[in-house]
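First the structure, in the form of structure tokens, and then the observations on it.
The values are calculated or read from the model by the stated rules, or taken from the named source; none is laboratory data. Predicted, not measured: the structure shown is a model, and the values here were computed from it. A quick note on method: Cβ atoms are made from the backbone with ideal geometry, for glycine too, and the neighbour counts reach across all protein chains shown.
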Amino acid sequence: MIGFIGRRVAQALLVLFGASIMVFLLVRVLPGDPVDLLAAEEGATAEQRALLRAEMGLDQPLPLQYATFILQAIRGDLGISITQRIPVSTALVEGLGATLQLTIAGMIVAVLIALPLALVSALKQNSVWDRMGTVGSMFGVSMPTFWQGIMLILLLCVAFPIFPTGGIMGSSYNVPVVTYLPIVDSIIAGSPDAVWSNIRHLVLPAITLGTSAAAMLTRLLRASLLEVKNQDFVDALRARGISDGKVITHMLRNALPTTVIVFGSKLGTLLGGTLVIEVVFSWPGLGALLVQAIGARDYPVVQGAVLVATIMVILCNLLADLAQGWLDPRVQYAK
Amino acid sequence: MTSSIYVPQTESDVRGPATGVVTTRLAKRRRPIPPVFVAVPMLIMLVFLFVGIFGQWISPYDYSVQNLSNRFAPPGSDGHLLGTDHLGRDILSGLIGGARITLVIGFVVLVFGVVLGVGIGVISGYVGGRFDAVMMRITDIWLAFPFLILAIALVAALGGGLDKLIIALVLVAWVVFARPIRGEAMSLREREYVLSARALGVSPTKIIVKHLLPNLLPSILVLSSLELGAIILMEASLSFLGLGVTGGEATWGGMLSDGRAYIGSSWWLATIPGIAIFALVMSVNVIGEWFRDVFDPRNSSRAQVSQEITLP
């Protein structure tokens, strides 16, 4: 088990290394010298520009720049935001908390929807329910997430004003930041109003994210369940008179490893959906930050946000790998 | 008491596995989509294709011309079947123009993505060895990036404009083809006709082109049709975020983004382009599923699980 974890972690680190190189190169490829951008604001002379360039380390060979970048990143220093003059890491942490809260809520919704749907679909294959489930998940996969968000706003904020249209919490609440997760902070601050406001703002974005994730998850889970359903051990369990509920539990336990690993690899795509949802619902998360930064040509923030997002995806893949190893011990001895 | 789980479905279920031989029952496939249900998406796609190709001639208005005296006309008003937007531009014309851009980007990215992805995949699968290992590591790293974020970062890096957008999307899309094609190439590599071709001294290039590629065609087709939907959605998302085709041309995502501000008063600005995107992507996906039913005889559930291609 330890060896398995070690191998997977080592792989993840390798991928992370490669990804960091890509992120680094991505920003260096950008047209528009950051020095020129800064200098243009203050009308600097050639000497001042050279000084600025040396100060920002842009005159050094590329590998050296990369090494500096990595060492600083490990220490948590991702540079200073050009537009806001605050450290990039500060801006990112706030965004990260908001995005995490939304992602977790979305995942909960997704599992709540997908699990029963997939079970019904798989158990009553080719019935009316199965058909509806398949069509439904195809709907969910084809629907543009941002459009779904806007339609939800139209329906539940404009036509019937039940939910607020955007933001993360009512603006009248000032909750001291402890964990950067707004809902946890609200609970810690002991303000039930703030918690309720937070939840109200969370519902629509979480539903939007959850339904698109559920569409994907239902298809995966259904396919895995179908595969498991026809295996001999199910017959064996039935023959021994094990009740339906317990047999379903056995089936799920066997269907989960494949689902988890494929879902983990699709998490990256979901993150893209989260980004768009954040923009639609004015949710102050990482995605919204990234879009703003690109618009404002704030390259340190762009670099930092892409790096953090990539780290999150790699982490999720690693967790999915480890979960698969835990759920299906045979995987541990595969490679 | 009947079990809700196990119902004999096929002959082999009733008779049991062949005696003396260990068999594994194939997971039962879902019933393929009846052709009548594929006719509708095909029709929709044909309409979109027609609009895309001949749009310039059938568009009632020029989308770039603003008509500030007739802003926010609701659908069904005089001369504007789908209404006008906040600048008085006809929404139907916007849809038509957007269709053209979306389809052009979609197919061009698909073709280049297929060429790049299948090329890398089949060479990697056939040659194997270190090249394959390196390529797969690169693919892993590429896959580590969330697709949309990678597209956004690439667009930010390369700048705006149609060609840069296409390059960015191709760089995001090729991985989807590389991995499955590589896997198939690796299994095809061991077939008798390939082995005999190698024994006869046929050059690897010829083997790849004459033997592997034609047999990979069904998979390529299936993957392409499913990926086309993803590409269209990505283009729409990028346009929505303002990172797609810049300049005053009509894009569905851009129309949605503009309309978002007026959702309280004029719902049609944001709703209608979204319906177009949804209809097109749904049709493409249904056709893709049908392709999969038709072309992929080994379509067991396991293949379904690993071939899922899903969209932001």
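Figures for the structure shown
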read-out: Failed condition for residue B:166, given (1) within 14 Å of chain A (Cβ to nearest Cβ); (2) within 30 Å of residue B:60 (Cβ to Cβ); value: (1)
read-out: Yes/no for residue A:276 being more than 26 Å from residue A:27 (Cβ to Cβ), among the hydrophobic types (A, V, I, L, M, F, W, C), crowded, with 23+ Cβ neighbours inside 10 Å and modelled with pLDDT of 85 or more; value: no
read-out: Which listed residue, of A:139, A:146, A:163, is within 12 Å of another protein chain (Cβ to nearest Cβ) and either buried (at least 23 other Cβ atoms within 10 Å of the Cβ) or in contact with a Cys (Cβ under 8 Å, 6 or more places away or on another chain) (or both); value: A:146
read-out: Residues located in the stretch A:124-136, provided they are surrounded by fewer than 18 Cβ atoms within 10 Å (Cβ to Cβ) and part of a loop (DSSP other than H, G, I, E, B); value: A:124, A:126, A:127
read-out: Matching residues in the stretch B:242-258 - criterion: being under 19 Å from residue A:157 (Cβ atoms) and touching a Gly at 6+ places or on another chain (Cβ under 9 Å); value: B:256, B:257
read-out: Selection from the stretch B:169-188 of residues that are hydrophobic (A, V, I, L, M, F, W, C) and either surrounded by fewer than 23 Cβ atoms within 10 Å (Cβ to Cβ) or within 11 Å of chain A (Cβ to nearest Cβ) (or both); value: B:170, B:171, B:172, B:175, B:176, B:186, B:188
read-out: Only one of A:309, A:305, A:255 that is assigned to a helix (DSSP H, G or I) and more than 9 Å from chain B (Cβ to nearest Cβ); value: A:255
read-out: Residues that are more than 9 Å from chain B (Cβ to nearest Cβ), farther than 23 Å from residue A:261 by Cβ and surrounded by fewer than 20 Cβ atoms within 10 Å (Cβ to Cβ), drawn from the stretch A:206-236; value: A:236
read-out: Filter result for residue A:141 (over 18 Å from the mean Cα position of the chain (by Cα), closer than 26 Å to residue A:217 by Cβ and in a helix (DSSP H, G or I)); value: no
read-out: Residue check for residue A:88: surrounded by fewer than 21 Cβ atoms within 10 Å (Cβ to Cβ) and in contact (Cβ under 8 Å) with a residue 24 or more places away in the chain; value: no
read-out: Check on residue A:253, surrounded by fewer than 18 Cβ atoms within 10 Å (Cβ to Cβ), under 15 Å from residue A:115 (Cβ atoms) and at pLDDT 85 or above; value: yes
read-out: Search result, residues across the stretch B:203-225 that are within 13 Å of chain A (Cβ to nearest Cβ) and at pLDDT below 85; value: none
read-out: Count of residues meeting criterion [surrounded by fewer than 24 Cβ atoms within 10 Å (Cβ to Cβ) and in contact with a helix residue (DSSP H, G or I) (Cβ under 6 Å, 6 or more places away or on another chain)] in the stretch B:250-266; value: 6
read-out: Criterion: farther than 30 Å from residue B:89 by Cβ, assigned to a helix (DSSP H, G or I) and modelled with pLDDT of 85 or more - qualifying residue of B:287, B:231; value: B:287
read-out: Tally, over the stretch A:104-122, of residues that are surrounded by fewer than 22 Cβ atoms within 10 Å (Cβ to Cβ) and within 12 Å of chain B (Cβ to nearest Cβ); value: 2
read-out: Some residue of the stretch A:273-295 being touching a residue at least 60 places away in the same chain (Cβ under 8 Å) and not assigned by TED's automatic domain parsing to the domain that holds residue A:107; value: no
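To keep it simple, each residue is scored yes or no on (1) outside any helix (DSSP H, G or I); (2) over 20 Å from residue A:262 (Cα atoms); (3) acidic (Asp, Glu); (4) within 12 Å of chain A (Cβ to nearest Cβ).
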{"position": "B:120", "(1), (2), (3), (4)": "no, yes, no, no"}
{"position": "B:135", "(1), (2), (3), (4)": "no, yes, no, no"}
{"position": "B:138", "(1), (2), (3), (4)": "no, no, no, yes"}
{"position": "B:142", "(1), (2), (3), (4)": "no, no, no, yes"}
{"position": "B:152", "(1), (2), (3), (4)": "no, yes, no, yes"}
{"position": "B:157", "(1), (2), (3), (4)": "no, yes, no, yes"}
